[in-house]
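Novice: Sharing a structure, written as structure tokens. Questions coming.
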Amino acid sequence: MTDRPEGTWSIDEILAAARDRLARLTPAEAHAACAVGATLIDIRPAAQRAAVGEIPGSVVIERNHLEWRLDPASDSRLPWVSGYDLRPIVICMEGYTSSLAAAALQDLGLDRATDVAGGYQAWRQAGLPTARPDERSVEIAPGAGPAFLTGLTRAYSGRREARAASPAVRTITAAAMTGRSRRIRPIFRAGPTSLARTVARTTPLTIIASVSWETISCSS
């Protein structure tokens, strides 16, 4: 079937309709709005945030959790979501998904919801504040992946082959974690010297595997 079914819209039409409802902000306008009470909601996945950085003071909410975390009528809402007068400003990587997300928030009754035109790329190009994930300058909502540890596992994977012929110590760490802070203990050590350490995180995680202490350092 090649003809579009009657009554359906293309994604371009859906995006245009969403943006018709929004008073979209430039990065500078969004930054100023956050200084007077608005909340910047970063819906980028952990892999993107690990690769290019985060925005200090933003709240990280995965896109598939967004409505449940910000709906004042939801049992899964964030603790500070107490009414419909919130001003959430959604940001993604380039400003496309954020428009659809902000329109969905308006459907929930959050009439002041909007997004950042150009997304994180435009934010960074404007010279506005950014941070490395290991600075932990963002609030991570329940269910969202921490960019900090995504970056660590990527760093290890990138060096693994180069280290294969070296007798250096390797630590393989694995831990299943739930919503509370727990310690991740090394379960395997090899090499002449043990550099294995205990890593502590307060962010919910699923698993950390194949992490070398030579590659990373974490605060305990």
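Novice: Based on this model, can you work out whether THR26 counts as under 16 Å from ALA101 (Cβ atoms) and more than 10 Å from the chain's Cα centre (by Cα)?
Specialist: So THR26 fails the test.
Novice: Additional query: So which residues in the range 20-38 are among the hydrophobic types (A, V, I, L, M, F, W, C), part of a loop (DSSP other than H, G, I, E, B), out of contact with any Ser or Thr (no Cβ under 8 Å at 6 or more places or on another chain) and touching a residue at least 24 places away in the same chain (Cβ under 8 Å)?
Specialist: Correct list: ALA38 only.
Novice: Another one. Being acidic (Asp, Glu), in contact with a Lys or Arg (Cβ under 8 Å, 6 or more places away or on another chain) and buried (at least 18 other Cβ atoms within 10 Å of the Cβ), is that true of even one residue in the range 113-127? Walk me through how you get there before you give the answer.
Specialist: Applying the first criterion (acidic (Asp, Glu)) to the range 113-127 yields 115.
Next, from what is left, pick out any that are in contact with a Lys or Arg (Cβ under 8 Å, 6 or more places away or on another chain): 115.
So of that shortlist, the ones also buried (at least 18 other Cβ atoms within 10 Å of the Cβ) come out as 115.
Yes, the conditions are met somewhere in the range 113-127.
Novice: Are any residues in the range 1-30 closer than 11 Å to VAL116 by Cβ and touching a strand residue (DSSP E or B) at 6+ places or on another chain (Cβ under 8 Å), and if so, which ones?
Specialist: Scanning the range 1-30 gives LEU22, ARG24, LEU25, THR26, PRO27, ALA30.
Novice: Given the residues ASP71, ASP42, which is the only one that is buried (at least 17 other Cβ atoms within 10 Å of the Cβ), in contact with a Lys or Arg (Cβ under 8 Å, 6 or more places away or on another chain) and under 15 Å from LEU100 (Cα atoms)?
Specialist: Values: ASP71 fails: under 15 Å from LEU100 (Cα atoms).
From the options ASP71, ASP42, the qualifying one is ASP42.
Novice: I need a count of the residues in the range 87-99 that are surrounded by fewer than 19 Cβ atoms within 10 Å (Cβ to Cβ) and of a type outside the set (Ser, Thr, Tyr).
Specialist: Adding up the residues that qualify gives 2.
Novice: Sticking with this one: May I ask you to verify whether ARG170 is modelled with pLDDT under 95 and on the phi > 0 side of the Ramachandran plot?
Specialist: On the way: modelled with pLDDT under 95: yes; on the phi > 0 side of the Ramachandran plot: no.
Taking the combined requirement at face value, the residue does not satisfy it.
Novice: What residue, among those in the range 128-147 that are touching a Phe, Trp or Tyr at 6+ places or on another chain (Cβ under 7 Å) and surrounded by fewer than 20 Cβ atoms within 10 Å (Cβ to Cβ), is nearest to ALA33 (Cα to Cα)?
Specialist: ARG136
Novice: Which residues, taken from the range 52-62, are out of contact with any helix residue (DSSP H, G or I) (no Cβ under 6 Å at 6 or more places or on another chain) and closer than 17 Å to LEU110 by Cα?
Specialist: Answer for the range 52-62, where residues must be out of contact with any helix residue (DSSP H, G or I) (no Cβ under 6 Å at 6 or more places or on another chain) and closer than 17 Å to LEU110 by Cα: just VAL59.
The values are calculated or read from the model by the stated rules, or taken from the named source; none is laboratory data. Model, not experiment: these values are computed from the prediction. As a convention, Cβ positions derive from the backbone with ideal geometry for all residues, glycine included, and neighbour counts pool all protein chains shown.
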